[in-house]
4 protein chains.
Amino acid sequence: MARLSAKVRREEFIIAAARVIATTGVSGATTRKIAAEAGAPLAALHYCFESKEALFQALYEEQIKTMGESTWTIKPGIGVAETAAAMVPQLMEWYEQEPDYAQASGDLMFWSHHNDRALAELGVNAALEVMRETLRKGVSGPEERKLVEPLATLVLALTDGLLLQWLTFKDTQLRDKGVAAAMRALRCFAN
Amino acid sequence: MARLSAKVRREEFIIAAARVIATTGVSGATTRKIAAEAGAPLAALHYCFESKEALFQALYEEQIKTMGESTWTIKPGIGVAETAAAMVPQLMEWYEQEPDYAQASGDLMFWSHHNDRALAELGVNAALEVMRETLRKGVSGPEERKLVEPLATLVLALTDGLLLQWLTFKDTQLRDKGVAAAMRALRCFAN
Amino acid sequence: MARLSAKVRREEFIIAAARVIATTGVSGATTRKIAAEAGAPLAALHYCFESKEALFQALYEEQIKTMGESTWTIKPGIGVAETAAAMVPQLMEWYEQEPDYAQASGDLMFWSHHNDRALAELGVNAALEVMRETLRKGVSGPEERKLVEPLATLVLALTDGLLLQWLTFKDTQLRDKGVAAAMRALRCFAN
Amino acid sequence: MARLSAKVRREEFIIAAARVIATTGVSGATTRKIAAEAGAPLAALHYCFESKEALFQALYEEQIKTMGESTWTIKPGIGVAETAAAMVPQLMEWYEQEPDYAQASGDLMFWSHHNDRALAELGVNAALEVMRETLRKGVSGPEERKLVEPLATLVLALTDGLLLQWLTFKDTQLRDKGVAAAMRALRCFAN
DNA sequence: GATGAATGAGCGTTCATTCAT
DNA sequence: TATGAATGAACGCTCATTCAT
């Protein structure tokens, strides 16, 4: 019970941290604000996490894990071109459904550059791996295998880039045009 | 310290701010660190800028301006496909030559999301406009005009996304593969 | 520093603030000086009070309360004339016994004019009410009731005015002459 | 011309200081605010005055001088009682006509306690002397001479005290009642 | 185990003042 | 002489963290 409670508390702090970072950025995300957002006493934060940095790491790691566990609606063997194309709108949709996580994820990406390069690399590598795995599921022929790697890079770059534009404008129309263009680019790249 | 024109001083603070942000991130970029990096007394910072925030804005605005003034080696009338393709390596090269500005620019992009949304939009809009203008120079036929807009979005998204990967790994080989893939994607998108 | 109840700590800061204000005036009463005077770390001040202003308010409010709780040696039914006359030396004596509070009280009176007018009015109203109440205790006949209000004003004005002179010269002889004159004026005013 | 200009400038700074002190109190009266209020460059203040303190002293001295030069409408030989009584409303009227000077004067009185005791004493002594002189003009018989000293003390104390109440409430009715009471007290004191 | 109390370090900013011209 | 430029010192305050209970 106590063990569980601690786990639950950790999770609550992580969620609160995401919300606060999404609102104020990393530089404005103080322990006080996070504790308040979590509805927990300030000292509890350091009871659950060694430091604020550790909390941010945990959040970033969780976001990486979440991305890995995300379910993609991909028809197996549909071909890498269609698979890659299908990934873009699905990712962007997830960003829209979880705007706090999307925003915080970007903030933490840059934060990790300055505070934990290994984690930063882990994050991008994890994302790349997710792309690869998903693409592999769609592979329809042996010669398509060679396309998995560059497509993974492309899909990640495109979705990151489009996320930036989305976070800036929050403009659905603009986003959809970008998504359509990205899909077409990926399709013809792979054909 | 010798008497300097306010303009020179401002510029020095801006350069120092870029370096400090590139090293520590926005959250670690304190006025004292920036002043030390600039070799100036702390009070001088507030003599030149109303606030730390104003300094960051000035830096971000300058980066936007710099991007607009960057010279592209584009052969006029070469066609939008080739133009778009040519832009990717040129931008990435600039990022490599100015790593501090590249890193700080990313940090400030997210910082502006939380502190000055108008500036954030200005930044992305400026970048998009640069892409459009450059693409227009390469337009070879009237039917290519329609491609300028989606290509601008794509080039920006791709280069932003590749910058993220580059900032994370600083791996030249990886970057070149990404650049090659992006170029191919853009070429076949436009043909 | 040992663990202290928040109440005790607050009180210590208030006393320290009174001493510092009495010495340096409000404009010289910095948080650092007050904390040093209280023998407490600077951060503790802001743990107990929201701001320096809040500490000053608390001090001023306490002084108002203290004044209300002060015990007057008044024989009931002695008549308003004698009561009013008796109040002057008693108040001046208290000022002499608590010179820091007397001085700080004057400083804060003017400080409150500029920072919290409501508090300033509260202070004077509280003082007036104390005068009224005390005078009422001395009332010996129904026709004296009408004298309570003007006497309250007069006693307060006279004691404030004499306090100013006392704070300036700290001259006991001078003060006693002033007190004697004030007593005579009040006596014959009421007869 | 230049000499005159310097003199004029000094005067302008003094007037500006009075206004700023009246508005913000001594603690909020910064050199910048005063210079701005005077419409003069900041450095000019230190060109005219050795320090901010010197400016405040000059202001306080001028206020003392002004008080000495104030013209009283006193009928000679009317008797000390009537003279004293007549002084109260005249002073209060002057306070109403020059609210900034009245407020600043009070602030500076307490400021001088902490920064220049000699000046503080000078101020009160000057005020007392003004009271004495004016009272002497009204003396109607030799036996009234003895009343000049205590009356001077009383008039000053009463007007200071009433000023405090006036500055706090800015309530004309209340002030007039206080003035009436003070006049009656002075009259019967001297008869 | 859980938390209110406490704090050293450092924050962004403003101050009165001086200096170079 | 007159002033924009410049600054050391200090300001009020908040930070992440620890400690006593």
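The values are calculated or read from the model by the stated rules, or taken from the named source; none is laboratory data. These numbers were taken from a predicted model, which means no experiment stands behind them. Neighbour counts are summed over all protein chains in view; Cβ atoms, including those assigned to glycine, are modelled from backbone coordinates with ideal geometry. Quick note on the areas: whole protein, heavy atoms, side chains included, nothing else; ligands and nucleic acids left out. Shrake-Rupley method; radii C 1.70, N 1.55, O 1.52, S 1.80 Å.
Below, the figures for the structure above:
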item	result
Closest-to-axis residue of chain A (Cβ criterion, axis taking A to C), whole Å	A:Ala43, 4
Solvent-accessible area per residue for chain B (1.4 angstrom probe, square angstrom)	46 Å²
Angle between chain A longest axis and helix A:80-97 axis [Cα atoms, degrees, rounded to 10]	30 degrees
Other copies of D:Lys177: label-to-label distances in nm, shortest first, labels 7 Å along the beta-carbon direction	3.4, 7.4, 9.1
Inter-copy label distances at C:Lys52 (7 Å, Cα→Cβ; nm, one decimal)	1.1, 2.0, 2.5
Rounded FRET efficiency, nearest 0.05, which uses the C-beta distance separating D:Thr30 from D:Ile78 and R0 of 51 Å	0.60
Rule-of-thumb Rg ratio for chain B [Cα; 2.2 N^0.38 Å; N residues]	1.14
Averaged over C:160-172, number of beta-carbon atoms from partner chains that fall within 10 Å	6
Shielding by other protein chains, C:122-133, mean Cβ within 10 Å	1
Highest-first arrangement of C:159-165, D:51-57, where packing means the average Cβ count within 10 Å	C:159-165, D:51-57
Mean separation of Cα contacts under 8 Å (6+ apart) over length of chain D, as relative contact order %	26 percent
Under 5 Å, built H, 5+ apart or other chain: amide partners of D:Ser140	D:Gly79, D:Val80
Formal net charge of residues neighbouring C:Ala185 (Cβ-Cβ distance under 12 Å; K, R +1; D, E -1)	+4
Solvent-accessible area, 1.4 Å probe, carbon plus sulfur percent, for the protein assembly as shown	52 percent
Cross-link reach list, lysines versus B:Lys33, counting only Cα pairs under 23 Å and skipping chain neighbours closer than eight places	A:Lys52, B:Lys7, B:Lys52
Three principal axis lengths of the protein assembly as shown [C-alpha, angstrom, descending]	126, 79, 41
Test item: B:25-36 mean partner chain Cβ contacts at 10 Å	3
Between helix B:6-24 and chain B: long-axis angle, C-alpha atoms, 0 to 90°, nearest 10	70 degrees
Most mobile listed residue (A:Ser105, A:Ser140, A:Ser27) in chain A, GNM with C-alpha springs under 10 Å	A:Ser27
Pairwise centroid distance, computed over Cα atoms, of the stretch B:37-69 with the stretch B:122-191, Å	29 Å
Debye, to nearest 20: dipole size of chain A, +1 on Lys, Arg Cβ, -1 on Asp, Glu Cβ	120 debye
Relative packing of B:70-80, B:35-45, B:173-183, which averages over residues the other C-beta atoms within 10 Å, highest first	B:173-183, B:35-45, B:70-80
Residue-averaged [θ]222 nm for chain D, counting only DSSP H segments that reach four residues, each worth -39500 (n - 2.57)	-27500 deg cm²/dmol
Crossing angle, helix C:117-138 versus chain C [Cα axis fit, 0-90 degrees, rounded to tens]	40 degrees
Where B:Phe169, D:Phe110 fall by accessible area, highest first, once all protein chains stay in place (1.4 Å)	B:Phe169, D:Phe110
